[in-house]
Amino acid sequence: MKKIKTAILGVGLLGLLASHNADAKELRDAYLITPTLGYHFFDGERKLENGFELGLAVERFLNKNVAVEAYLGYIGTKHEYRRNRYEDKNIFSYNFNLNYNFVKFADNVIPYLTAGIGSNDSIIPGIDYGAGVRIFFSKRLGIKAEIKHFYLGAGDNDIVTSVGLTYVLGGKPKHVSHEMPSKIDSDGDGISDDFDQCPNTPAGVTVDDFGCPVDSDLDGVPDYKDKCPFTPEGINVNEEGCPKDSDGDGVPDYLDKCPDTPKGAAVYSDGCPVDFDNDGVPDYKDKCPDTPAGAKVNEEGCPADSDNDGVPDTMDKCPNTPEGVAVDENGCMQSMTLRIYFDPNSTKVKPEYYVEIEKLAKYLKEHPDVKVEIQGHTDKTPRSNYEYNMRLSQKRAEAVKRILVKKFGISPNRIIAKGYGYTKPIAPNDTPEGRAKNRRIEAVIIK
């Protein structure tokens, strides 16, 4: 009884929807082929398990409202022939129905009521009735949902719900005679008002047999307004009937692989931004549009500069320069080798080397935006001690710094003194001459 109430409620709700009026499809003379998948609720007295039902419905529209339908279905279920004992059972269901379609509900929605005779494994045919709705999403394709109540000859009550995919065959409208001088034709389009579904068509517009403006490409914009009358079927169009171009780049959305291109950006035929140098950064973002092929670039499309020394990696011969160190056009450190040498174990700067220090002081005064690192170095002998030599080289660097500050007036904030001991020799330490060259001072320019 509960299932019967559910079915009646469903029929009532769909019937209420169907009572609304609006324009809808014209399916006169059409055949509708609908394979369905449903669920069959058997009357408890039948001792059958509820189960899925596969079916095929074929309908023929006699006019725009009335259709006849033949249906065949199959249910694979189980029959309880004794208490808790079941056997497999195959049931074939059939019915013949008359459907009334409310074709003025909406543009692509058609509710309907259905009633007829049929059977599902019952010897005596019974009656069925119900309601459903068709929703079309193209000219030929739609879905169909339905609920039915079966009252069978044996007094059983079944309920079936189903959904299916509908394909429309035919459906050309019947010819409407225009030779009716006694009928009124308000808009003068050749279709009398009794048959005219678009009674206010502008004068001179070509119409179909229902008096509505012809829309050759079926895009929803009639030909007399359509500036693009050959738009492919299914394409979204604007109010002029032309394919939409959301980003305004001249490539319609259905062809546009980059539909969010910024306004004004140059694009290829597929709607994607032009990237002239093929570096992966589109031209409208590229600050270096002529980057050599294959060069790595940053997010602005300019050659990458891994060590941030101002020389791109493609030209940088010293790609790992410490950050902040001044470099030349090859990306290598700018340094000055000061010819300042020390006696063994000495930190005293001999007066003869003041000329070298003066050259550095002059450079610093001419370039007030740079600093300098004074690097002290020592030689190495078999008896050399690492810690001692590090301290010795540090004192040598500090001695040169004091002369730059006190004698030549360079700010101490612009000078870094650092000792490197014997870790950076420039000559072999196995000869007196080589060791003399290693006891030196170097200056590295820093930005």
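For region 410-447, enumerate the residues that are among the small types (Gly, Ala, Ser) and closer than 16 Å to Ile374 by Cβ.
Hits for region 410-447 are Ser411, Ala417, Gly419, Gly421, Ala443.
Just checking, how many residues over region 383-417 are under 60 Å from the mean Cα position of the chain (by Cα) and not in a helix (DSSP H, G or I)?
Adding up the residues that qualify gives 4.
Within region 48-76, count every residue that is more than 13 Å from Thr114 (Cβ to Cβ) and either in a strand (DSSP E or B) or at pLDDT 95 or above (or both).
The number of residues fulfilling the criteria is 15.
Do any residues in region 56-74 that are touching a residue at least 12 places away in the same chain (Cβ under 8 Å) and buried (at least 18 other Cβ atoms within 10 Å of the Cβ) have Cβ atoms under 7 Å from those of residues that are of a type in the set (Lys, Arg) and not in a strand (DSSP E or B), where the two are at least six apart or on different chains, and which pairs are they?
Taking only residues 6 or more apart or on different chains, the pairs are Phe61/Arg28; Lys64/Arg28.
Among residues belonging to region 101-157 that are more than 23 Å from Leu62 (Cβ to Cβ), aromatic (Phe, Trp, Tyr) and surrounded by fewer than 21 Cβ atoms within 10 Å (Cβ to Cβ), point out the one that is modelled with the lowest pLDDT.
Phe137
Does Asp249 satisfy the criteria of being surrounded by 15 or more Cβ atoms within 10 Å (Cβ to Cβ), out of contact with any strand residue (DSSP E or B) (no Cβ under 8 Å at 6 or more places or on another chain) and assigned to a loop (DSSP other than H, G, I, E, B)?
It is false that Asp249 is surrounded by 15 or more Cβ atoms within 10 Å (Cβ to Cβ), out of contact with any strand residue (DSSP E or B) (no Cβ under 8 Å at 6 or more places or on another chain) and assigned to a loop (DSSP other than H, G, I, E, B).
Would you point out which residue out of Glu356, Glu352 is modelled with pLDDT of 90 or more and either out of contact with any Asp or Glu (no Cβ under 6 Å at 6 or more places or on another chain) or over 30 Å from Thr314 (Cα atoms) (or both)?
Glu352
Could you tell me whether any residue of region 357-376 is surrounded by fewer than 16 Cβ atoms within 10 Å (Cβ to Cβ) and among the polar types (S, T, N, Q)?
no
Rundown of residues vs (1) buried (at least 17 other Cβ atoms within 10 Å of the Cβ); (2) closer than 30 Å to Val205 by Cα; (3) among the aliphatic types (A, V, I, L, M), yes/no style:
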{"position": "Glu233", "(1), (2), (3)": "no, yes, no"}
{"position": "Val237", "(1), (2), (3)": "yes, yes, yes"}
{"position": "Glu240", "(1), (2), (3)": "no, yes, no"}
{"position": "Asp260", "(1), (2), (3)": "no, no, no"}
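Is there a residue being within 18 Å of Lys437 (Cα to Cα), assigned by TED's automatic domain parsing to the domain that holds Lys424 and not in a helix (DSSP H, G or I) anywhere in region 353-374?
yes
Go through Asp379, Asp343 for me and flag whichever is surrounded by fewer than 15 Cβ atoms within 10 Å (Cβ to Cβ) and in contact (Cβ under 8 Å) with a residue 12 or more places away in the chain.
Just one listed residue meets the conditions, Asp343.
Of all residues in region 128-169, which are among the hydrophobic types (A, V, I, L, M, F, W, C), touching a Gly at 6+ places or on another chain (Cβ under 7 Å), farther than 15 Å from Pro111 by Cα and in a strand (DSSP E or B)?
Within region 128-169, Phe150, Val160 meet the criteria.
Taking region 266-298 on its own, how many of its residues are surrounded by 18 or more Cβ atoms within 10 Å (Cβ to Cβ) and among the small types (Gly, Ala, Ser)?
Number satisfying all stated conditions: 1.
The values are calculated or read from the model by the stated rules, or taken from the named source; none is laboratory data. All of these numbers come straight from a predicted model, not from anything done at the bench. Cβ atoms come from the backbone with ideal geometry, glycine included; neighbour counts cover every protein chain shown.
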